[in-house]
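Everything on this sheet refers to the single structure shown next.
The values are calculated or read from the model by the stated rules, or taken from the named source; none is laboratory data. It should be emphasised that the depicted structure is a prediction, and the values quoted were computed from it without experimental measurement. For neighbour counting, all protein chains shown are included, and Cβ atoms are generated from backbone atoms with ideal geometry for every residue, glycine included. In case anyone asks, the SASA skips ligands and DNA or RNA and just uses the protein heavy atoms, side chains included. Shrake-Rupley method; radii C 1.70, N 1.55, O 1.52, S 1.80 Å.
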Amino acid sequence: MLTIANYESKVQEVKRMINEHTVELLHLQFVDIEGTLKQVTVTVEQLEDAIEGRIMFDGSSVIGFSPIHQSDLYLQPDLNTFAILPWSVEANYSEARFLCSVTNPDGTLYEGDTRNILKKSVERASKQGYTIYAGPELEFFLFQRDTNGRITNKTHDEAGYAEPSPNDLGEPVRLEIYRALKAIGFTIETTHHERAIGQHEINFKFADVLEAADNATTYKWVVKTIAKKFGLHASFMPKPISGVNGSGMHVNMSFFKEGQNAFYDAYNDLQLSETAYQFIAGLMQNVKNFTAITNPLVNSYKRLVPGYEAPCYIAWSASNRSALIRIPAKRGNATRVELRCPDPSANPYLAFAIIASSGLDGVEKGLIPVNSINDDIFHMSKEDRMDRGIEELPGSLEAAIEAFENGDIGLRVLGDHVFKEYVSLKKAECNHYRTVVHSWELEQYQAKF
């Protein structure tokens, strides 16, 4: 939260950068209920109105927002998100953006804005003395476009995990993405080709959870923008190709209190604190009821199957990558809990809000997790998993939505408006999928019957 003095200083910094870079257009960005980026563009002459939150848009035209008789909504820029767009810079011209929260005409936070929902989770943790940090890892595929610019299902390369050029044709694309992200203010940690053909990953430094969600949103936009400049399409679809690994969004999360990592205890066997164990227990108790948020598409559940590294069994481990929840090796202030089921199609504001809130449930209730599982769960028999009490995640979006409705975590975190809109949207998606005739059905049945 910016103080008045810091706010004025930030305003002056923004104005200085606008003058220095000859900014002419300002893009005021926000997301809809699915996390899709939207923007309203104004000229730099409207900077004061933009900063004061006086730019209006039609909320009834945005998925999951307002009915038509209550359509006037406003955009309140977060000054910390101001960035010059590196691909727009010319000799005497450039463009910039702000990420915004959505407000009502009276200036109060709009309940349908998912960024505002994450703010409420931050406030809940703050009342307990915690600051939430998150580090998402978003994988993506690069696909070729045809001569008309249409997206094909042919990958840009056929390289394997961590292969360099010349096999990794995506290296120049990732380099340009890296440069753009760095110019916007990201700290990039690693970049490499992933296991599947045409699959890539660029990891950026963790941040407080609101900034992390802003970064995830910005990252997807930048990746897609740069890929298109190379004549390619970047896809964050969870499972775009059968028979190979899908794309995940592993979410690393930790709580800090008084500047210290509350998940770290040097004297425990695993160097995990009681708070960390309680956080793990909260995730395990709630995960079946929030998978509809972290894995929001029909396609998401084609990734969550055995054999492709994506977790589908509810267990935790200090190292086991077949477990749903893993504790990476680093300790001290780097101690964190990694949830491995989310995928990059998720709205990061909703995903981080519900993960943090579920973990906080465990802390507030003093929950104790079941024993960790250090064996390869993928190669256990069903009977063995049952004997060890290992449950499964929902196997379809339809099942996930049913669990989401029947649980209480979704309504508590999302609030009545977004909860109802989200359930309605996802039920419509399931029904549409159920009634469409797919190519697999034609291949299997058309000639036979």
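Taken over segment 427-437, residues that are open to solvent by 60 Å² or more (accessible area, probe 1.4 Å) and more than 30 Å from TYR110 (Cα to Cα) amount to 4.
If you scan segment 323-351, which residues turn out to be within 15 Å of SER300 (Cβ to Cβ) and either assigned to a loop (DSSP other than H, G, I, E, B) or acidic (Asp, Glu) (or both)? Please lay out each step first, then the result.
The first filter runs over segment 323-351 and keeps only residues within 15 Å of SER300 (Cβ to Cβ), leaving 324, 339-348, 350-351.
The answer is LEU324, ARG340, CYS341, PRO342, ASP343, PRO344, SER345, ALA346, ASN347.
Every residue, every condition in (1) modelled with pLDDT under 95; (2) under 25 Å from ARG303 (Cα atoms); (3) open to solvent by less than 20 Å² (accessible area, probe 1.4 Å), yes or no:
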site	(1), (2), (3)
HIS200	no, yes, yes
GLU211	no, no, no
TYR219	no, yes, yes
LYS224	no, yes, no
SER242	yes, yes, no
HIS250	no, yes, no
PHE256	no, no, no
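Residues are listed down the side, and each one gets a yes or a no for (1) over 25 Å from ASN347 (Cβ atoms); (2) free of Cβ contacts under 8 Å to residues at least 40 places away in the same chain; (3) crowded, with 18+ Cβ neighbours inside 10 Å; (4) in contact with a helix residue (DSSP H, G or I) (Cβ under 6 Å, 6 or more places away or on another chain):
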position	(1), (2), (3), (4)
PHE30	no, no, yes, no
THR36	no, yes, no, no
ASP49	yes, yes, no, no
ARG54	yes, yes, no, no
GLY59	no, no, yes, no
ILE63	no, no, no, no
LEU85	no, no, yes, no
VAL89	yes, no, no, no
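Of the candidates THR41, THR81, the single residue that is at pLDDT 95 or above and surrounded by fewer than 17 Cβ atoms within 10 Å (Cβ to Cβ) is THR41. Scanning segment 99-115 for residues that are more than 17 Å from LEU79 (Cβ to Cβ), out of contact with any His (no Cβ under 6 Å at 6 or more places or on another chain) and open to solvent by less than 10 Å² (accessible area, probe 1.4 Å) gives ASP113, THR114. Every residue in segment 287-297 that is open to solvent by less than 10 Å² (accessible area, probe 1.4 Å), of a type outside the set (Ser, Thr, Tyr) and assigned to a helix (DSSP H, G or I), please. VAL287, PHE290, ALA292, ILE293 - these are the residues of segment 287-297 that are open to solvent by less than 10 Å² (accessible area, probe 1.4 Å), of a type outside the set (Ser, Thr, Tyr) and assigned to a helix (DSSP H, G or I). Hey, does segment 343-360 have a residue that's modelled with pLDDT of 90 or more, out of contact with any Phe, Trp or Tyr (no Cβ under 8 Å at 6 or more places or on another chain), hydrophobic (A, V, I, L, M, F, W, C) and open to solvent by 20 Å² or more (accessible area, probe 1.4 Å)? There is no residue in segment 343-360 that is modelled with pLDDT of 90 or more, out of contact with any Phe, Trp or Tyr (no Cβ under 8 Å at 6 or more places or on another chain), hydrophobic (A, V, I, L, M, F, W, C) and open to solvent by 20 Å² or more (accessible area, probe 1.4 Å).
Quick check on segment 34-53. Is at least one of its residues in contact with an Asp or Glu (Cβ under 8 Å, 6 or more places away or on another chain) and under 30 Å from VAL423 (Cα atoms)? Yes. Quick check: anything in segment 127-134 within 24 Å of PRO238 (Cβ to Cβ) and either open to solvent by 40 Å² or more (accessible area, probe 1.4 Å) or part of a strand (DSSP E or B) (or both)? Yes, that holds for at least one residue. Scanning segment 166-207 for residues that are touching a residue at least 40 places away in the same chain (Cβ under 8 Å), farther than 26 Å from SER242 by Cβ and of a type in the set (Val, Ile, Thr) yields ILE177, ILE184.
Within the span defined as segment 394-417, every residue fails to be closer than 21 Å to ALA318 by Cα, touching a Phe, Trp or Tyr at 6+ places or on another chain (Cβ under 9 Å) and in contact (Cβ under 8 Å) with a residue 60 or more places away in the chain. Of all residues in segment 208-246 being within 14 Å of LEU138 (Cβ to Cβ) and among the aliphatic types (A, V, I, L, M), which is farthest from the chain's Cα centre (by Cα)? The qualifying residue farthest from the chain's Cα centre (by Cα) is ALA227. Restricting attention to segment 404-426, does a residue exist that is within 28 Å of SER322 (Cβ to Cβ) and surrounded by fewer than 15 Cβ atoms within 10 Å (Cβ to Cβ)? Yes.
Inspect segment 389-397 for any residue being open to solvent by 50 Å² or more (accessible area, probe 1.4 Å), farther than 19 Å from MET253 by Cβ and either in contact with a Gly (Cβ under 8 Å, 6 or more places away or on another chain) or part of a helix (DSSP H, G or I) (or both) and give the result as yes or no. Within segment 389-397 (the criterion being open to solvent by 50 Å² or more (accessible area, probe 1.4 Å), farther than 19 Å from MET253 by Cβ and either in contact with a Gly (Cβ under 8 Å, 6 or more places away or on another chain) or part of a helix (DSSP H, G or I) (or both)), the answer is no, since none of the residues qualifies. Of all residues in segment 274-330, those that are closer than 16 Å to ASN252 by Cβ, touching a strand residue (DSSP E or B) at 6+ places or on another chain (Cβ under 9 Å) and of a type in the set (D, E, K, R) total 1. Of all residues being at pLDDT 95 or above and closer than 22 Å to MET249 by Cα in segment 137-154, which is farthest from the chain's Cα centre (by Cα)? Just the residue, please. So, considering only residues that are at pLDDT 95 or above and closer than 22 Å to MET249 by Cα, the one farthest from the chain's Cα centre (by Cα) is PHE143. Only one of these conditions is not met by GLU383: (1) assigned to a helix (DSSP H, G or I); (2) open to solvent by less than 20 Å² (accessible area, probe 1.4 Å). Which number is it? With (1) assigned to a helix (DSSP H, G or I); (2) open to solvent by less than 20 Å² (accessible area, probe 1.4 Å) applied to GLU383, the lone miss is (2). Scanning segment 79-106 for residues that are under 26 Å from LEU425 (Cβ atoms) and in a loop (DSSP other than H, G, I, E, B) yields ASN104, PRO105.
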